[in-house]
Structure formats: structure tokens, C-alpha cells
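*Asks:* Here it is, the structure in full.
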Amino acid sequence: MVTNRTSEVRAADLEFRNHYRYPTGSVGVHVSLGSALCGFFRFGSSIGFGHCADGVTSESKNSKLPIVKTARSDDSGQLELPFDPNEVADNLRRERYYSSSTSQGSGILSASWIRNAYYTVRKFLPVHVRKYLQRARLADWDRIPFPSWPVDVSVDLMFEEMMRLVLNARGGSPLPFIWFWPHGHSGAMMLTHDVEEAAGRDFCPVLMDLVETAGFRSSFQIIPEERYEVTTHLLDSLRKRGHEVNVHDLNHDGHLFRERTEFLRRAARIRHYLQDFRAEGFRSAILYRNSEWINDLGCAYDMSIPNVAHLDPQRGGCCTTFPYFLGDVIELPLTTTQDYSLFHILQKHTLDLWEQQMKAILQRHGLISFNIHPDYILSRQNRSVFVALLASMAAHRQRYNLWAALPGEVNKWWRMRAKMEIVADGGRLTIRGQGAEQAQIAYAALEGDRLVYRLADQ
Ligand SMILES: [Zn+2]
């Protein structure tokens, strides 16, 4: 897995600038890799994976990571790094570290042929056997060192550390940037539901009642083929009440990404259903994914990549709590544990884990996203956990001024923000671009050694 790369110094500010949208030319990022090797390293409080001239290791265990020592910045806002932050962001978000890491799943379902056999017979297995096999396969989940449980913010922390270095060199002079969310909201929150079986589909009206009573709207991912009948009435009733419809896989057999030719055949069907459902978003079955193929699906946004996937059959995780571009597609990562994993793998019926995750995401001002299946909250016990979650979400929303949004709204905002610019207009900074009236200027500054953000006064 370790490869050489030739020596070069080059500009590499793309992803850092996309994250903050600071004024053009105010910061430069330069990379000097030397003959760096590829692996894990530590940069401030974040863990990176990529080529790094200050040393790397093939193991992601914290205690063994080489530390970046040669990062420097000067007072003109030029930052020089021994690694390429674009490469590192891409490696983490696209889970490229995973095949290189030692944290691969062991256990009875890890070999691919056994996994394929398992998903072929899965639907014939009694639920208690299925759950037993899943727990056995995931038994080592709490010993996986990377990504970090229960939320990994490596990409977000890398950008924060870069910002700290830039601000240090500016002698504490704050740097303006376009705030992450519209109207100065401190973070974002979205609720999604994958509809798995006919029983889940039939529960959707009650689910809408519960969600609306708590003051939210959510997105429903519908399986187009084989699982259950999808009627125009169902899609219309979801939309009429202000909820969103998205496509959930094609037939949910767990084989979407298994083979390229078959994938392309299915991708054409999925594109057809996106149009048919008037949907823009997609989530795959069982969060199976291949970030290199996502652009073939023709969706505007995908929601199939978990932040940390220790409890999912395909492990890994995108290590960020923010939306990001995968080519033309916006990825809206799933940043909290799925209800199925909470109830059936962890066997918990409390909000502790979800609230811990919300707290960690809010500290970075990221996107809180939930996937609650109507099929898994049919029992009175599970439903009461969901109702408690809705109350907790509503309390968080009010207390922290969160933006409760539909996935389509987050997609639209993130695309607009990526094109906005801060410009000086008669000695005053202002934001230009479509949607600028919703955007706000913020300042990144240092309090002692600590990075803080302040919204500019209106
Ligand atoms: Zn599903």
C-alpha cells in the first residue's frame, strides 16, 4: 500500500477554501511532499491519511502515529504543509484509507463470497437468526481504532488546524468567511426514513403525524422495484404534506455495487425512477456504496455514506460531519447511528448514543442526520424511543438555533454557498452570488490557542 511520490511544491487550497469560502487570495496553501509515503499521520488533533513528508504509518492506532512537525505559515497568509489537504480530504471522504488500514472486519461474514451467499439467503432466515449472525459479524466493532467512535471529525479538524496556523501567522487578525449555514444557524439537522417493507410503507401516514407534531418534515426513501407496490397516491401524500421523496436503491437485494456492468444496467433504472418519483436524492440499500460510481446514478445528492460505519456491513466512514462534493453529486453523510443498529446490534433503547453524537456534531457546527426506518419503529418500545428522539431534536433545534431542513434544501444551500464570494464593496465586506441574502459573514479568530467563530453583526 505504500507508494513513492516525486518531489514537488504546489498550490493546494481547493478543499480548504471550499470549506470556509474565505475571500480569494487571502490565504495560500502550498504543499511540499518530498518523496513522501502514503499512510496515517497526526496533524494537530486530527488524523490524516495520505502522502506525508513528515512520516506515516500503516496502522491507524493513535499512539503510533507520526506527528506533522513542519507545517508553517507566514504573515501574508501563506501556509506550507508536508501533505496535500485535498488528497487527505478525498482519501477520508471516499474511504480510501479503509483497504489500507488494519481495521477490517473479521468474523464469520467478512469474506466476500460468504457475504454474497448471506445476502442471497438473508430473506429466508428468521429474524432472530439474522440478528445473531449480524451481531457475530460485528463483534469486534468497539476495537476498531479509526474512524473514531461515535463520530469522526478528522476532515473537519484538519481544516480547523489549518485555520489555526493561518490565524497564528496573521498575528491574531481574524479571517472573514461565509458561515456554514443559512441565516446564521449554528448547525443543521435532517431526518430521513428508508421504507423497507410493505408494513413500513403502510406506517408512513402515522410517521408523518409524529414528525409533524414535533415540528419537522422529513424525507422518505422509497424502494422502486420488487419490495412493495409504490402508488402515485403514496408519493403525492408524502409531498402534499411537505415531506420529500427520494429513491432507495433499486430492489434492495444488496448487490447494487457488486459488478460494474450490472451496476450500470441498474443505474439506468434508478435514473428512470428518480424522474418518475420527481426525486433528486438517493440512498443505497444497507449503505453499500462505491464513491467512484455515484455520479452514474444521476442523482443530485446521495445519502449512503456513514460518518463512521463500525456497525454497518460495509465498514469505513467519511470522517466528516459536513456535506461535500463527489464530482457533481453532493454527499449528505449519515452522521448518526441507524435505528436498526441501536435497537438490534447494540440492543439499546435509550437516547444516550444519539445525544452524544448530536453534541459532537454541534461542536463542529456540522450536519446532524438521522435515518429512522418506519419498519423498525412499529413496536411500542421502539416507537417510544423515536418519539423521545423527536422531542430531543426539537429541544436541540431551539436551544442551539439549528436549521431543520430537508435533504433537498441542504443540497441546494451547499451548492449555492460553493459559488458565493466575499467581496469588498466600498470598504465593506459583502457576499455575492445566488442565495447571498441567506448567507452571513463570520470571522475565524483565536482566543489564546483556541479557534473560535463569530458571526458578523448584521
Ligand atoms: Zn433499506
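The values are calculated or read from the model by the stated rules, or taken from the named source; none is laboratory data. This is a predicted model, so every value here is computed, not measured. Note that we place each Cβ from the backbone using ideal geometry, even for glycine, and neighbour counts take in every protein chain shown. Ligands, DNA and RNA are stripped out before the accessible areas are found, and what is left, the full protein with its side chains, is counted by its heavy atoms. Shrake-Rupley method; radii C 1.70, N 1.55, O 1.52, S 1.80 Å.
*Asks:* Suppose we filter segment 232-256 for residues that are closer than 30 Å to residue 121 by Cβ and either among the acidic types (Asp, Glu) or surrounded by 20 or more Cβ atoms within 10 Å (Cβ to Cβ) (or both); how many remain?
*Replies:* Within segment 232-256, residues that are closer than 30 Å to residue 121 by Cβ and either among the acidic types (Asp, Glu) or surrounded by 20 or more Cβ atoms within 10 Å (Cβ to Cβ) (or both) number 9.
*Asks:* Related question: Can you tell me which residue in segment 214-249 is farthest from the ligand (Cβ to nearest atom), limited to those that are of a type in the set (A, V, I, L, M) and within 28 Å of the chain's Cα centre (by Cα)?
*Replies:* Quick first cut of segment 214-249, residues of a type in the set (A, V, I, L, M) only: 214, 222-223, 230, 234-235, 238, 245, 247.
After this cut, where a residue has to be within 28 Å of the chain's Cα centre (by Cα) as well, the list is 214, 222-223, 235, 238, 245, 247.
Numbers: 214: 23, 222: 10, 223: 7, 235: 17, 238: 17, 245: 15, 247: 11 Å.
For segment 214-249, the residue satisfying everything is 214.
*Asks:* Could I ask something else about it? The conditions are (1) of a type outside the set (Val, Ile, Thr); (2) away from the ligand (no atom under 16 Å from the Cβ); (3) touching a residue at least 60 places away in the same chain (Cβ under 8 Å), and residue 255 fails exactly one of them. Which is it?
*Replies:* Status for residue 255: all satisfied but (2).
*Asks:* Show the residue pairs meeting these rules: Cβ distance below 7 Å; 6+ apart or different chains; first residue within segment 182-198 and in contact (Cβ under 8 Å) with a residue 60 or more places away in the chain; second residue among the charged types (D, E, K, R) and within 16 Å of the ligand (Cβ to nearest atom).
*Replies:* Close Cβ pairs (under 7 Å, with a partner that is among the charged types (D, E, K, R) and within 16 Å of the ligand (Cβ to nearest atom)) amount to 194/283; 195/201; 196/375; 197/227; 197/375.
*Asks:* Specify which of the listed residues (401, 411, 382) is farther than 22 Å from residue 287 by Cα and modelled with pLDDT of 95 or more.
*Replies:* Unique residue meeting the criteria: 401.
A quick yes/no check of all residues on (1) charged (D, E, K, R); (2) more than 28 Å from residue 291 (Cβ to Cβ); (3) within 16 Å of the ligand (Cβ to nearest atom):
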{"site": "342", "(1), (2), (3)": "no, no, yes"}
{"site": "362", "(1), (2), (3)": "no, no, no"}
{"site": "373", "(1), (2), (3)": "no, no, yes"}
{"site": "376", "(1), (2), (3)": "no, no, yes"}
{"site": "391", "(1), (2), (3)": "no, yes, no"}
{"site": "398", "(1), (2), (3)": "no, yes, no"}
{"site": "402", "(1), (2), (3)": "no, no, no"}
{"site": "416", "(1), (2), (3)": "no, no, no"}
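*Asks:* I need the strands (runs of 3 or more DSSP E) fully contained in segment 267-357, keeping only those with at least 2 residues that are touching a helix residue (DSSP H, G or I) at 6+ places or on another chain (Cβ under 6 Å) and under 27 Å from residue 242 (Cβ atoms). Before you say what the answer is, go through the steps one by one.
*Replies:* On the way: elements: 281-283, 324-326, 329-331.
Those strands (runs of 3 or more DSSP E) span 281-283, 329-331.
*Asks:* With among the acidic types (Asp, Glu), within 16 Å of the ligand (Cβ to nearest atom) and either at pLDDT 95 or above or under 30 Å from residue 343 (Cα atoms) (or both) as the only criterion, which of 296, 328, 312, 276 stands out?
*Replies:* After applying the criteria, what remains is 312.
*Asks:* Restricting to segment 196-213, what's the tally of residues that are within 15 Å of the ligand (Cβ to nearest atom) and open to solvent by 10 Å² or more (accessible area, probe 1.4 Å)?
*Replies:* The qualifying residues number 6.
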